[in-house]
1. Within the protein assembly as shown, how many lysine pairs that are 8 or more places apart, or on different chains, have C-alpha atoms less than 21 Å apart?
2. Scanning chain B for helices, which whole DSSP H stretches are 27 Å or more long along the axis (Cα) and average -0.5 or more by Kyte-Doolittle?
3. Considering only A:45, A:37, A:225, give the residue with the highest GNM mean-square fluctuation for chain A, with springs between Cα atoms whenever their separation is below 10 Å.
4. For chain A, rounded, prolate or oblate, judged on the Cα gyration tensor with a ≥ b ≥ c (square roots of eigenvalues), a/c < 1.5 rounded, else prolate if a/b > b/c?
5. Springs between alpha-carbon atoms under 10 Å, Gaussian network over chain B: tell me which of B:255, B:184, B:109 tops the mean-square fluctuations.
Amino acid sequence: MTSTQMLKLDDPAQQKQPGPLRTIGRMIRVIWSNNKAKLGMIILAIFLLVAIFAPLLAPYGAQTNTFERNADASPAHWLGTTAAGEDVLSQLIYGAQVSVLVGFVAGILATLVAVAVGLSWGYIRGFGADVIGFIVNLFLVIPALPLMIVIAAYLQNGGFGVIIAVIVVTGWAWGARVLRSQTQSLRGRDFVTAARFSGDRAGRIVFREILPNMTSLIVGSFFGAATSAILAEAGLEFLGLGDSSIVSWGTILYWAQNSNSLLTGQWVLLFAPGLCIALLAMSLTLINFGVDAVSNPRLREGKSK
Amino acid sequence: MKYILQKLGLFVLTLWAAVTLNFILPRLMPGTPADAAIAKLSQNGPVTEATRKAIEAQLGIPKGNIFEQYVSYLHQVVTLDFGTSYTFYPQSVSQLVSGALPYTIILVGVVTILAFVIGTLIGVAAAWKRGTWMDALPTLSGSFMSTFPYFWTALLLLFFLGYVLHVFPTTGAYSATTTPAFTGAFAVDALYHAILPAITILVTSLGGWILGMRNAMINTLGDDYVTFAEANGLKSRTVAIRYAARNAILPNLTGFGLALGGVVGGSVLVEQVFGYPGIGYLLFNAVIGQDYPLMQALFLMITVSVLVANFLVDILYGVLDPRTRK
């Protein structure tokens, strides 16, 4: 941010800002320099690779249920089999696809809504801003999980798309509020005033002048939204309110609880899917430490402090 | 005074919006509750016209146009009369809710307060000792624990401490052999049953408070008045608590208020795992049994309690931070 402003001061004729690729490259470097974020990026990369190459990695099909039931770990089934006779390891590997997909799709959609609402809320003034503020606050205070459960119950068995829609509806408000306060502080800056005086339309000012200065906040709210999306999807599937025909970490836990794995002592069935959810969610949280450091140098580590 | 009136107006408006949302949601669903029940029945065989009539009479077909329905819904809300539960027939919704409420409020309420106090204190210490192990340990373990799915922590604790080691009971809020009463023996029994759910909620919510307080405090630590206080030679504990922490805690109070309001919503997942008969478990059962009157009443109560808590925090905030009043 500072460098672009300096550039403008030095040479007012040069309006061109560094290309988006360079901005992203610089951001990734700052994030990578943070040790926590580095660990998070490595974990996330592993999960991404597992999800993409699941058909190659998994020893069996996700829903092949021709094996011995409730078997313990063996050379043929490293993590044993489920009560329905499916291979646990294969289910775990395919389950990564669902969580990664939900995290990214719901995270991106929620962030898009948050950007659109947050930026216009921060830029406009008067009655319109009050109305938007009222709606955002309503979505902020209504407890997300009960709302998700109730909506999922009303739209019963709507499948995968419904789960994503429910998560997006309940997950955009926080990001909108964060982006709004940053927009408010940026709209008073000189470069915004300059753009307004040169006759730019509001839409162009918001999305071409203000938006690029908030990249790290937007990325941060994406990771935040993706984390809660992954946890929410797993929770809904665990309660049996999701799409029970797909193989996801949440459904593995759901079937494990309903087939009394607690009693039969198959603790791997409980331990492994939950650990995967926790690790994936944690990797995103860790990356966010690095993203925070991009926008707030006080949080940076090491030499770049 | 103007500040309070303004907040009160906003509160009433939000309350109305939430109540109306609760009215709209069930009507967005395809068909009526009766349709859903009939669809469930028809999986087992054809449904006769007589059965259909019976189900419609039992579940109640919405009468009148949408406006009349809305008026009678508002009347229900004001008189707190939500009719009879489908799944726990013939108990009324109000009976079920008031039966479940004490369990949730005591369990989740006490744990929420504990988590806030402990988490904030750790967060202050972590920010003050920034860069040392006293910062790294709680920050890392806190952020790791807060990404644990609630229900997973619950399942693991239940499995190892309940089923394998038999240290704690595996389900319910009290032993089947005792009956709820105001006696010491019952209190001990109930406490014993509450320990595992309590640990679960504590473990998973502590991290958020630690991180929130630490990050807020790191920002205030960089402010001039803190540097000034340090330069004046004040004791470091005085600077940390009276100067930095006192200002950093404000944003966290909002979160605490919301968390207290969220107590009523309980922890659906935790209560479901432990079979703990609170509001969250009731909501889960209502959803599974497609018990729409119970579901609607519970969701309304959960939302309203958060709204009330939010309103109270706003008022408190105005008292604590004069800048918000202008």
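Any read-out appearing in this document is the output of simple, stated calculations on the displayed coordinates, not a laboratory observation. On a predicted model such as this, the values are computed, not experimentally measured, just so you know.
1. Eligible lysine pairs with Cα atoms under 21 Å apart amount to 13.
2. Span-like helices in chain B: B:2-28, B:93-128, B:184-221, B:292-320.
3. Between A:45, A:37, A:225, it is A:45 that shows the largest mean-square fluctuation.
4. In terms of gyration-tensor shape, prolate.
5. B:184
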